[in-house]
Structure formats: C-alpha cells, structure tokens
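Some notes on the structure that comes next.
The values are calculated or read from the model by the stated rules, or taken from the named source; none is laboratory data. Just so it is clear, the structure is predicted and the values come from calculations on it, not from any experiment. Glycine also receives a Cβ, built like all others from the backbone with ideal geometry; neighbour counts cover every protein chain displayed.
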Amino acid sequence: MRATLDDAGVGYDVTVTERPGHGTEAARKAVEDGCTFVVAVGGDGTVHEVVNGLMNDDGPRNPATVLGVVAAGSGCDFVKTFGLPQEPAEAAAHLLGDTLWGKIDVGRIRCTGVDGAPHTRWFANIAEAGIGAEVVDAASRMPKWLGSGVYRVAALKTIARFKPKAASIGIHGRETRGKHGEDETLTDLSRDGTFSMLVVANGQFFGGGMRVAPRAVPGDGLFDVQVSHGPKGEAVKAMQKMFKGEHIPNPNIKEYLASSVTVTGEQPILIEADGEVVGTTPATFDLVADAIPMKV
C-alpha cells in the first residue's frame, strides 16, 4: 500500500493500532487535527473503530471528512458492498483520485454496554441481536488461523445450543416482502414473540462473505431489517443459502425497510455490530443519513 501511494506522490501519515479502541482514538484525533481523508486499513473491526472516531454523539465530527478502506487482516465484508478489491495494493489504488461512491448512512446503537452502563456505538455495515451476536461472540474466542471460516464453525456450534429469544420489536418502517417496492410510507410497526435473529443492515455482506442483505443500499436513508422466527433447522438452511443471498424471500424471515428499530424484553439479548460485541438489549437502532463520504 505504501509503495502504491509513494509511486503516486501522495503524502500520508500512518498510525499503527496497538490495542482495542486505538483506531477510534486515532481517527478522532485526525479529524480534530484537520484531516479530511481518513483511511481504515484492516478488517471490519478496524472500519468499525475508525467510523466511531469519525462520529460524535449526534453525527459526523466533520461532514467533509472522507472515509477510505483498504481491506486487510482477518477479512473485510464492508468493502464488498462497494465492489472494492480485497488485495491491499489494488485497494490502495482506489485511494487515488477524487472518485466518491457518495455519502453513506451510519447506524447508531443505544444499548446496555458490556459493563452494564448505557452505551452508544456507531456501525457502518451490519448490526444483529440474537443468534448472530452469539455467533460473533463465539467466533471471537476461536483460533485466528481459521480465517473467515471461523464464522461458519461458530455458527454451527451456536445454532446447536441456541434458544429463540422472547422480545418486543418496534419498527418505524414498512414491510417489503422480499422486494423494494415504490411505497415509501413509513409507519410504526410492532412484533411481539420469539425470534432467533434480528438483522439491522446498512451494507450487504457479513460473516466472511454471507450476503445477508442483498438489496441493502448504504445511502438510501433506511436499514434493511430481517426478523427470523423459524426453527433451528430453518436457520441452518438459511445460512447455507446466505452466501448467494438466496435465503430471502422466506416465510420464516420478515423483511422491513426502517429508519429505526427498538428491542425490549425481560431477558437481555446480546448485540453485535460490524463483528464486535457491543452490549445487550434493551436497545435502539437508528441512523444518520448521508453521514460520511466514501472513497472508491
């Protein structure tokens, strides 16, 4: 990556992260120092940290700051929505010039943190509650040499012991029934009962290449939401089809377009965002539209 930028005569500064949260600190400092082009080099966790550094409590620290991503590390599903290459030298070439994808929406989660205190976290790609978050939690404790395959192994182990969660899910949006229709009217909807997985998607891919939200557009001002409520066997079948995005439409998966989602229940339900466990319910997911310009 350095060679590509040096050959192009581009000036840049590099911060190598040393600990969890360092990417957020570095991105925040860069914006405060006047930088208007911040690049995350790494996997989805690195992108997650950098995006949190670009955002303050209510929105972007500087709406003019551009986000670039060079995929590296254990894997970066976020860039697949934009068609960016996974090879670092090729990806670095996309940092040159002035081509932008446009401004991406950024999701916000307000939940109970792992320390039990109220917690706010931003996410660029996909957040989940339920079995997906349990899979991420299990994957985080598995050997790194498994690479992107760690999610498949963790998923099979987690599904075997997972029990559907009882919750009340509130959605400000509309049902899509497997397609994006013309009706843009949003209303307050609710769903009470048990569910296995709630997906709140800004991007399309997660879990090492699963195309969980094949119609998600990160700049349309709405989340693609899926609520799965079928038995375990159906969850396994859906996961197998997910790599091609063929798990929907599905009678066991309710689909919505939404500007916000709330989840409450008697028992706390685990939440993950961009492959990082962030806390538990009760939780609210909402977004800031057109938050960050994205370099492609």
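The table for this structure:
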{"item": "Pick from the range 80-94, criterion hydrophobic (A, V, I, L, M, F, W, C) and under 19 Å from residue 124 (Cβ atoms), ranking: surrounded by the most Cβ atoms within 10 Å (Cβ to Cβ)", "result": "91"}
{"item": "Any hit, the range 136-154, residues being surrounded by fewer than 16 Cβ atoms within 10 Å (Cβ to Cβ), out of contact with any helix residue (DSSP H, G or I) (no Cβ under 8 Å at 6 or more places or on another chain), within 27 Å of residue 214 (Cβ to Cβ) and not small (Gly, Ala, Ser)", "result": "yes"}
{"item": "Residue in the range 148-174 that is modelled with the lowest pLDDT, counting only those that are part of a helix (DSSP H, G or I) and over 18 Å from residue 277 (Cα atoms)", "result": "149"}
{"item": "Yes/no for residue 107 being under 23 Å from residue 199 (Cβ atoms) and at pLDDT below 95", "result": "no"}
{"item": "Flag if residue 244 is more than 15 Å from the chain's Cα centre (by Cα), on the phi < 0 side of the Ramachandran plot, loosely packed, with under 15 Cβ neighbours inside 10 Å and not assigned by TED's automatic domain parsing to the domain that holds residue 63", "result": "yes"}
{"item": "Close pairs (6 angstrom Cβ cut-off, 6 or more residues apart or separate chains): not assigned by TED's automatic domain parsing to the domain that holds residue 46 in the range 268-287, of a type in the set (Phe, Trp, Tyr) anywhere", "result": "273/123; 274/123"}
{"item": "Sole residue being buried (at least 21 other Cβ atoms within 10 Å of the Cβ), in contact (Cβ under 8 Å) with a residue 24 or more places away in the chain, under 19 Å from residue 122 (Cβ atoms) and of a type in the set (A, V, I, L, M), chosen from 50, 70, 66", "result": "50"}
{"item": "Subset tally (residues that are modelled with pLDDT under 95 and either part of a loop (DSSP other than H, G, I, E, B) or surrounded by fewer than 16 Cβ atoms within 10 Å (Cβ to Cβ) (or both)) for the range 248-267", "result": "7"}
{"item": "Selection count, the range 24-37, where residues are surrounded by fewer than 24 Cβ atoms within 10 Å (Cβ to Cβ) and within 20 Å of residue 94 (Cβ to Cβ)", "result": "4"}
